[in-house]
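Visitor: I'd like to ask you about the structure that follows.
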Amino acid sequence: MVEAARTTLTSSGEAGSPAGLSVERLNDAYRWMVLARVIDERCLTLQRQGRIGFYAPLSGQEAAQVGAAFALQADDWVFPAYRELGVALVRGASLRSVIDQLIGNAEDLVRGTQMPNHFAFRAQNYVSVSSPIGTQITHAVGAAMAMQRRGAGRATIAFFGDGATSSNDFHAGLNFAGVFRTPTIFFCQNNQWAISLPRAQQTRSPTLAQKSEAYGFPGIVVDGNDVDAVCRAVLEARTRAVAGEGPTLIEAQVYRLGPHSTSDDPHRYRSDEAVAAARARDPLQLLKQRLVDAGALDDATDQKVWGAARSAMSAALEEAEKVAPVEPSSLFDNVFESLTPRLEEERSESAAVGPGAGAGR
Amino acid sequence: MVEAARTTLTSSGEAGSPAGLSVERLNDAYRWMVLARVIDERCLTLQRQGRIGFYAPLSGQEAAQVGAAFALQADDWVFPAYRELGVALVRGASLRSVIDQLIGNAEDLVRGTQMPNHFAFRAQNYVSVSSPIGTQITHAVGAAMAMQRRGAGRATIAFFGDGATSSNDFHAGLNFAGVFRTPTIFFCQNNQWAISLPRAQQTRSPTLAQKSEAYGFPGIVVDGNDVDAVCRAVLEARTRAVAGEGPTLIEAQVYRLGPHSTSDDPHRYRSDEAVAAARARDPLQLLKQRLVDAGALDDATDQKVWGAARSAMSAALEEAEKVAPVEPSSLFDNVFESLTPRLEEERSESAAVGPGAGAGR
Amino acid sequence: MTELTLVQAVNRGLQEAMRQDPDVLLLGEDIGVNGGVFRATEGLQKEFGAERVIDTPLSETGIVGSAIGMALYGLKPIAEIQFQDFIYPAFDQIVSELAKFRYRSGGQYPCHVVVRAPYGGGIKGGLYHSQSTEAYFCHTAGLKVVIPSTPADAKGLLLTAVHDPDPVMFFEPKRIYRSVSGEVPDGDHRVPFGEARVAREGTDLSIFAYGAMVPTALEAAEALARDQISAEVVDLRSLVPLDERAVVASVEKTGRAVIVHEAARFCGFGAELAALLAERAFYSLKAPVQRVTGYDTPFPYALENVYLPNAARIELAARASLRAG
Amino acid sequence: MTELTLVQAVNRGLQEAMRQDPDVLLLGEDIGVNGGVFRATEGLQKEFGAERVIDTPLSETGIVGSAIGMALYGLKPIAEIQFQDFIYPAFDQIVSELAKFRYRSGGQYPCHVVVRAPYGGGIKGGLYHSQSTEAYFCHTAGLKVVIPSTPADAKGLLLTAVHDPDPVMFFEPKRIYRSVSGEVPDGDHRVPFGEARVAREGTDLSIFAYGAMVPTALEAAEALARDQISAEVVDLRSLVPLDERAVVASVEKTGRAVIVHEAARFCGFGAELAALLAERAFYSLKAPVQRVTGYDTPFPYALENVYLPNAARIELAARASLRAG
Ligand SMILES: Cc1ncc(C[n+]2csc(CCOP(=O)(O)OP(=O)(O)O)c2C)c(N)n1
Ligand SMILES: Cc1ncc(C[n+]2csc(CCOP(=O)(O)OP(=O)(O)O)c2C)c(N)n1
Ligand SMILES: [Mg+2]
Ligand SMILES: [Mg+2]
């Protein structure tokens, strides 16, 4: 099994691998990917306009995310990082709820507690995102251990980046998963950068996938720009997981086309040429071409796809911006299930000061 | 290089590996190993008698420790765990200073601050031991990075156990070492147990040595009961290190013949038969046989070697037990280079209470 | 009722919780076949199997991280950290994740984990087997922090912790694991959080303590009583939520406070108690607040008896308080 | 003298230290070619090379652990943690190792590392880009803890930290990285540890603050002055060692204390200050001590302005103090 770590799955597939996505599903995938791209483009603008406070784009990672999400079942649990908006959408998180979170308004499911991109969608089994890198990896393993007790036929999937392979939780999580043979898929989107640090300086491991060998289970490298290949790799891993054959590490090789986040200026550390080269393999373009070649898409339809995504975005945004801001008193909610006496007092104290007192300087 | 991870060095050596130890050196090694074993036996008794508070024996790991220590230079830096007494002895730590530490008397080099076995011998470049598992591994890497700046021809070596391969610092340390190609030797004594947890439950990695591949450098499995093989493996790793070829992970396979420590009762979790089987490959017996076969040792001489070790131990113990206890006021030393006003106050407060006030219940 | 030592009471509490609810499970190092290095989990793997009493690899990061994952999915894991001194590799998981899951998900993902760890000195454990690190966790919003000082409370607070919907740090005074014993109710027994216990009533001054310092405080109170000084000893039991009312009420009665803990003084839990008194019992206080604590040094080995608060030091502080004001 | 922002002063402090001593080097995430996410290390890799300004893999454990190793060997590493919120993976290294190396080796292995981290709220950073975790480190014996509030102090305390033989946690108020500027001495400039700075003299009450809360406290003092209330503002600068004498002296003069910090109140640094006053300025205190702090919740996103102390809250507390007693 360890040998699999050296195998690169290509879109032509392998003997025994599940069949590829139908043209219909590929068409679906394309729509999700376009929607994700549209959200990215729009949000970068919204942030510049001060309408949202921060944004971390996923451009370049759409195929990896949509492909992975396509391979999952509703009962599987997703443990995402901050960049997995594409996965959330495919799993059914509404555009409105996404934008509510980006704004942090009164209808935001996380109640304005978190920065943009730090979603939680309980109904979609999309677990709450935190900023510290890698911490969700051990959670995915623990939840998978719980599934071993009472969640037959389910799996967990942890999403993380190339940088996260250096985290404590990567090591602990993969080791526990190996020892307890948990139904876990470790899905690493190697987008070649951890902010300004290139992949080559993150670790000397020839591939990230092969790190699984240190924990006694297989690792797979997959072309993350190929939605079909990604989907098949995750399907395979999921099949192994629910069959009790243990975890798999998948390295989806992609490229972060945009800045790390709206706080980042990538010109400081990488050349335009490198990005242009990566753009030549833009997953949206690759999939579009494939659909065009299959006669399933033409330019006019493509325009409509983009147009529909843009309208959906605008409509949701308009609604979300009408929602009231969060109530000041909600600051004290959800620290615990119920308020402690001290928190009650602080809530009163805070109400007495009044929101009118305004911010610090 | 990664392929080396699968290689088991045997005592017959490999093409290109340094020559084996001379009979003279093997004789030396035997004496150190006997001394270590004598200290172990004596200290288990001393602990039962309440003359020392705790002890962690190294029986079964003498060849691994003495073999590794033989391969090092005085200027190399050792980052030990709590079980590496054999290494300290070979590097020149005196028996007296060892026993002073076990007692925690006024001449203890660590001033009675630490539990037994938590040595520090600055003159021997044997860095201070702490209890948390694995933390010394990143220190060894940092010191090696410092050597890259101004310590040409030197290397660092981190000692740790099989359990420590699960620690955060193992992951961080090996990854940094790979990225920065540090002159570091990672020396794992896989004694098959982390207290009660057997090696197989620590990780599913087929060998511990191969974990190095995840960090892009070679790993080697060596028979840790063979002092010669260990020495050669470490020599090789050291040669690579000082030549700028980067780190090596060595897994010395041994067996912890005694309890984890004087607080442990191994009968709760392992069978006497398993231990008996391991005793059949007691490194002292193996080396003795080799020396006898080479005509370099006979029973009479062997008796003398043991006798000398026992006398040395008794003499040192007698001296050490005469030393005064540590001064109560020294409690406040070495928190910082000099006392802060608050610590000065606390020292006075403590002196005013007086040692006569006695302990809490 | 059964007469038990404190560690036996912990063991019975775990057993009771596991019998009550199949979703309760334990994970930690050496807790299975070995029964825990202090024997707190003795016999439990035998009764409940290796799938509910899980020996983990040597990684506190993994223990707490995976316990969180289990809790998110709906189980009720109890994670053991072998010594509180080894909790730091799990600190990120505890502070960044466990404490904040409910909050940051707007209540969607509560995270019901109990983290147990033996703490404190007095066992000749030196720097790394003696620490009292409760203040770190008390300062971390989102965690409850509980420390029993009697066998009955050990079982009763533990069962409350297991049924509490929030994360609970449950710290056990290992120094009195075996030296203290007492009657413990059989079966389900719960001691609520947020209620201090007056371990000894008194009128001249209040001594606040928790965990292993409670018997020491009582010993001091005994000694003071010989001189007709009536010391009240308040066992806080739950540090978060803190029974602030009981703390203030005691000082309103006595006018004097001596605060005792093993941890270093600076920014220790005693600072919060003293602050509380300076804010809320200001007009009742007749004398400066006294803290009797570990010194601001790492925990020593040879000199642990110099470092640790003892009855004599508490007595001295009490007398200083009585002389003042 | 040069007019600099606070973050520029940090940058000049690092540059000066590296020019003074070839053993000084920096390591951290994104500090090299990217110049740090706040630009604190801008230009330094260009001047000193990638071997002295080291971009590390994404591991705070590795950053602090390897910095310790470098320091043991004799270098003077300055480790950057990108946000103080991400210091927890290094907590074990800081608390178990960095803080205890000198002690546990009987002085044989001092461990001279400076750990820099931007801290605090006010930048819309939410739970994980806003925390103020100084209390954890202040409670840890063996660490010095320093927080500047002006550009001159930022440079001066940083240079003192680099030359100090002990481990120093150097926390930078990122919220005022650019909003505050001032004259900074060129070249070698040192501000000693353990000396508070009276940022504004006053007679009616004392406001204690540090870091980003100092300008806020001054703003409140300004507002109070309009009502003829004379507030003294004490900028603590060094939390460990703390200038206890200055704290006590100020309250001996004014009789009233308002303590301000961003961190949660419970067991925060303010508790230690209040305790100190309850112990050592007891007879001078005319009114209950007031704490104006972050609430006992995780740091929020949308409501950070409700959470964070501001001039209005400080004013209210000051007036309450003046009304009392
Ligand atoms: C523990 C921790 N350290 C540092 C950071 C700051 N930081 C945020 S994102 C990031 C890089 C993450 O890289 P990667 O894991 O590859 O994910 P990507 O952003 O590329 O999706 C860093 C260093 C953090 N969030 N958490
Ligand atoms: C971080 C941490 N967790 C737990 C412990 C308790 N503990 C002490 S030794 C040990 C087992 C160590 O096993 P290994 O690394 O194989 O070393 P060995 O004792 O076999 O030499 C454990 C769990 C510890 N010291 N540090
Ligand atoms: Mg990345
Ligand atoms: Mg071992």
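The values are calculated or read from the model by the stated rules, or taken from the named source; none is laboratory data. Just so you know, these numbers come straight off a predicted model, no measurement behind them. Neighbour counts run over all protein chains shown; Cβ positions are idealised from the backbone, glycine included.
Visitor: If a residue has to be small (Gly, Ala, Ser), more than 20 Å from A:Val335 (Cβ to Cβ) and more than 17 Å from the chain's Cα centre (by Cα) to count, how many in the stretch A:109-152 make the cut?
Guide: The number of residues fulfilling the criteria is 6.
Visitor: Given the conditions (1) farther than 28 Å from A:Gly50 by Cα; (2) within 13 Å of chain A (Cβ to nearest Cβ), and given that D:Asn310 satisfies all but one, which numbered condition is not satisfied?
Guide: In the conditions (1) farther than 28 Å from A:Gly50 by Cα; (2) within 13 Å of chain A (Cβ to nearest Cβ), D:Asn310 misses (1) alone.
Visitor: Conditions first: (1) buried (at least 24 other Cβ atoms within 10 Å of the Cβ); (2) in contact with a Ser or Thr (Cβ under 8 Å, 6 or more places away or on another chain). A:Pro116 passes all but one, so which condition is the exception?
Guide: (2)
Visitor: Here is a further query. Please work out which residue is nearest to the other protein chains (Cβ to nearest Cβ), limiting yourself to the stretch C:282-300 and to residues that are crowded, with 24+ Cβ neighbours inside 10 Å and touching a Ser or Thr at 6+ places or on another chain (Cβ under 6 Å).
Guide: This residue is C:Pro300.
Visitor: From (1) within 19 Å of C:Pro57 (Cα to Cα); (2) away from ligand 3 (no atom under 16 Å from the Cβ); (3) crowded, with 24+ Cβ neighbours inside 10 Å, pick out the condition that doesn't hold for A:Arg111.
Guide: (1)
Visitor: Determine which member of the set C:Gly121, C:Gly69, C:Gly107 is of a type outside the set (A, V, I, L, M) and away from chain A (no Cβ under 11 Å).
Guide: C:Gly121
Visitor: Determine whether the stretch A:114-124 contains at least one residue that is more than 14 Å from chain D (Cβ to nearest Cβ) and within 20 Å of A:Val234 (Cβ to Cβ). Reasoning before the result, please.
Guide: At the first step, the residues of the stretch A:114-124 found to be more than 14 Å from chain D (Cβ to nearest Cβ) are A:121-124.
Checking which are within 20 Å of A:Val234 (Cβ to Cβ) leaves us with A:121, A:124.
Yes - at least one qualifying residue is present in the stretch A:114-124.
Yes/no matrix, rows are residues, columns are (1) out of contact with any strand residue (DSSP E or B) (no Cβ under 6 Å at 6 or more places or on another chain); (2) closer than 30 Å to C:Val306 by Cα; (3) within 14 Å of ligand 2 (Cβ to nearest atom); (4) not assigned by TED's automatic domain parsing to the domain that holds C:Phe170:
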{"site": "C:Thr56", "(1), (2), (3), (4)": "no, no, yes, no"}
{"site": "C:Ile78", "(1), (2), (3), (4)": "no, no, no, no"}
{"site": "C:Asp85", "(1), (2), (3), (4)": "yes, yes, yes, no"}
{"site": "C:Arg102", "(1), (2), (3), (4)": "yes, no, no, no"}
{"site": "C:Cys111", "(1), (2), (3), (4)": "yes, no, no, no"}
{"site": "C:Pro118", "(1), (2), (3), (4)": "no, yes, yes, no"}
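Visitor: Being more than 14 Å from chain A (Cβ to nearest Cβ), more than 16 Å from ligand 2 (Cβ to nearest atom) and basic (Lys, Arg) is true for just one of D:Arg52, D:Arg39. Which residue is that?
Guide: Values: D:Arg39 fails: more than 14 Å from chain A (Cβ to nearest Cβ).
Testing whether each residue is more than 14 Å from chain A (Cβ to nearest Cβ), more than 16 Å from ligand 2 (Cβ to nearest atom) and basic (Lys, Arg) leaves just D:Arg52.
Visitor: Can you pull out the residues in the stretch C:26-62 that are within 28 Å of B:Asp169 (Cα to Cα), more than 16 Å from ligand 4 (Cβ to nearest atom) and not in a loop (DSSP other than H, G, I, E, B)?
Guide: Matches in the stretch C:26-62: C:Leu26, C:Leu27, C:Gly28, C:Val53, C:Ile54, C:Glu60, C:Thr61, C:Gly62.
Visitor: Let me confirm something: among D:Glu97, D:Glu60, which residue is charged (D, E, K, R), facing chain B (nearest Cβ under 7 Å) and touching a residue at least 12 places away in the same chain (Cβ under 8 Å)?
Guide: D:Glu97
Visitor: Consider A:Phe217 carefully, then state whether it is crowded, with 24+ Cβ neighbours inside 10 Å and either within 16 Å of ligand 4 (Cβ to nearest atom) or more than 30 Å from A:Ala29 (Cα to Cα) (or both).
Guide: No; evaluated as a whole, the condition is false for this residue.
Visitor: Of the conditions (1) in contact (Cβ under 8 Å) with a residue 24 or more places away in the chain; (2) in a loop (DSSP other than H, G, I, E, B); (3) within 16 Å of ligand 1 (Cβ to nearest atom); (4) surrounded by 24 or more Cβ atoms within 10 Å (Cβ to Cβ), A:Ser128 satisfies every one except a single condition; which number is it?
Guide: (1)
Visitor: Only one residue in B:Leu343, B:Leu331, B:Leu286, B:Leu291 is at pLDDT 95 or above, under 24 Å from the mean Cα position of the chain (by Cα) and not in a loop (DSSP other than H, G, I, E, B), so which one is that? Write out each step before concluding.
Guide: Numbers: B:Leu343 fails: under 24 Å from the mean Cα position of the chain (by Cα); B:Leu331 fails: under 24 Å from the mean Cα position of the chain (by Cα); B:Leu291 fails: under 24 Å from the mean Cα position of the chain (by Cα).
Only one candidate qualifies: B:Leu286.
Visitor: A further question on this structure: Among (1) more than 13 Å from chain C (Cβ to nearest Cβ); (2) within 16 Å of ligand 4 (Cβ to nearest atom), where does A:Asn175 come up short?
Guide: Answer for A:Asn175: the failing condition is (1).
Visitor: Another question, then. Among the numbered conditions (1) surrounded by 14 or more Cβ atoms within 10 Å (Cβ to Cβ); (2) outside the structural domain of B:Ile220 (by TED's automatic domain parsing); (3) assigned to a loop (DSSP other than H, G, I, E, B), tell me where B:Ser338 comes up short.
Guide: (1)
Visitor: Let me ask another. Give the residue, chosen from C:Glu262, C:Glu272, C:Glu279, that is assigned to a helix (DSSP H, G or I) and either without any contact (Cβ under 8 Å) to a residue 12 or more places away in the chain or within 14 Å of chain B (Cβ to nearest Cβ) (or both).
Guide: Numbers: C:Glu262 fails: assigned to a helix (DSSP H, G or I); C:Glu272 fails: either without any contact (Cβ under 8 Å) to a residue 12 or more places away in the chain or within 14 Å of chain B (Cβ to nearest Cβ) (or both).
The unique qualifying residue is C:Glu279.
Visitor: Oh, and also: Suppose we filter the stretch B:205-221 for residues that are touching a Gly at 6+ places or on another chain (Cβ under 7 Å) and within 16 Å of ligand 2 (Cβ to nearest atom); how many remain?
Guide: 3
Visitor: Now a separate question. Every residue in the stretch C:179-196 that is in a loop (DSSP other than H, G, I, E, B), charged (D, E, K, R) and out of contact with any helix residue (DSSP H, G or I) (no Cβ under 6 Å at 6 or more places or on another chain), please. So that I can check it myself, show each step before the final result.
Guide: We begin by selecting, within the stretch C:179-196, every residue in a loop (DSSP other than H, G, I, E, B); these are C:179-180, C:185-196.
Still in the running and charged (D, E, K, R): C:186, C:188, C:190, C:195.
Once the filter is applied, which keeps residues that are in a loop (DSSP other than H, G, I, E, B), charged (D, E, K, R) and out of contact with any helix residue (DSSP H, G or I) (no Cβ under 6 Å at 6 or more places or on another chain), the stretch C:179-196 yields C:Asp186, C:Asp188, C:Glu195.
Visitor: Which one of these does A:Thr165 not meet: (1) at the interface with chain C (Cβ under 10 Å from one of its Cβ atoms); (2) without any contact (Cβ under 8 Å) to a residue 60 or more places away in the chain?
Guide: It is condition (1) that A:Thr165 fails.
Visitor: Ok, one more. Check whether at least one residue in the stretch B:197-213 is in contact (Cβ under 8 Å) with a residue 24 or more places away in the chain, more than 9 Å from chain A (Cβ to nearest Cβ) and closer than 30 Å to D:Ala50 by Cα, and report yes or no.
Guide: The answer is no, given that none of the residues of the stretch B:197-213 is in contact (Cβ under 8 Å) with a residue 24 or more places away in the chain, more than 9 Å from chain A (Cβ to nearest Cβ) and closer than 30 Å to D:Ala50 by Cα.
Visitor: Okay, moving on. Applying the selection to the stretch D:138-169, what residues are without any contact (Cβ under 8 Å) to a residue 60 or more places away in the chain and either within 11 Å of the chain's Cα centre (by Cα) or within 22 Å of D:Phe266 (Cα to Cα) (or both)?
Guide: D:His139, D:Thr140, D:Ala141, D:Val168
Visitor: In the stretch A:108-115, is there at least one residue being at negative phi, of a type in the set (Val, Ile, Thr) and without any contact (Cβ under 8 Å) to a residue 60 or more places away in the chain?
Guide: yes
Visitor: Return only the number of the condition from (1) buried (at least 24 other Cβ atoms within 10 Å of the Cβ); (2) part of a helix (DSSP H, G or I); (3) more than 16 Å from ligand 1 (Cβ to nearest atom); (4) not basic (Lys, Arg) that B:Ala123 does not satisfy.
Guide: Only one criterion is unmet by B:Ala123, namely (1).
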